[in-house]
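See below for the structure under consideration.
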Amino acid sequence: MAAVAPEVHAVPGAVPLAEFGPVDPVHSFPEYYQDSNGLALQVCLDFVCNPALPVPNPNLPISFPDNFPVEVFYFRAISTITAGPVRALLTPRAPAATRAVASIWSRTAAGTSTP
């Protein structure tokens with residue numbers, strides 16, 4: 001008897017960007033991004049929304065450029081999916097980086113493991 005592979009279907013998950021807020025004059029990132037559903041996200045620049053915010057000195061207030069992380073996020077999620085012996089980790093996020101020029105992009109990382 002031949003094995004039959006399950007069907008796999010891809011569904012688009014992107015929602016068009018509708019607008020973005022004014023650019024912050026201090027760190028050069030937009031204050032928020034809003035999608036066509038009306039959901040707006042601000043950049044996370046505090047230890048409440050990101051307890052592991054990678055600033056050079058976590059004991060000092062966040063300030064640009066002296067005590068500012070190299071990468072910040074407008075959103076970040078971590079999802080673990082287990083199906084039998086297979087475990088998958090999905091981490092979609094919208095980071096912003098400050099190396100030479102303020103830049104923003106979207107990335108999704110996925111990985112699987114089996115025992």
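The values are calculated or read from the model by the stated rules, or taken from the named source; none is laboratory data. Quick caveat, the model's predicted, so the values are computed rather than measured. When we count neighbours, we look across all protein chains shown, and the Cβ atoms used for this are built from the backbone with ideal geometry, even at glycine.
Go through the range 62-107 residue by residue and tally those that are modelled with pLDDT of 60 or more and within 20 Å of the chain's Cα centre (by Cα).
First pass over the range 62-107, keeping only residues modelled with pLDDT of 60 or more: 62-97.
In the following step, the residues that additionally are within 20 Å of the chain's Cα centre (by Cα) were identified as 62, 68-81, 88-97.
So the answer is 25.
I'd like the residue in the range 27-57 that is more than 16 Å from Glu71 (Cβ to Cβ), at pLDDT 85 or above and of a type in the set (A, V, I, L, M) and, out of all such residues, is surrounded by the most Cβ atoms within 10 Å (Cβ to Cβ).
For the range 27-57, the residue satisfying everything is Ala40.
List the residue pairs whose Cβ atoms are under 6 Å apart, where the first residue sits in the range 54-70 and is assigned to a strand (DSSP E or B), the second is surrounded by fewer than 12 Cβ atoms within 10 Å (Cβ to Cβ) and not β-branched (Val, Ile, Thr), and the two are 6 or more positions apart or on different chains.
Asn67/Pro56; Asn67/Asn57; Asn67/Leu60
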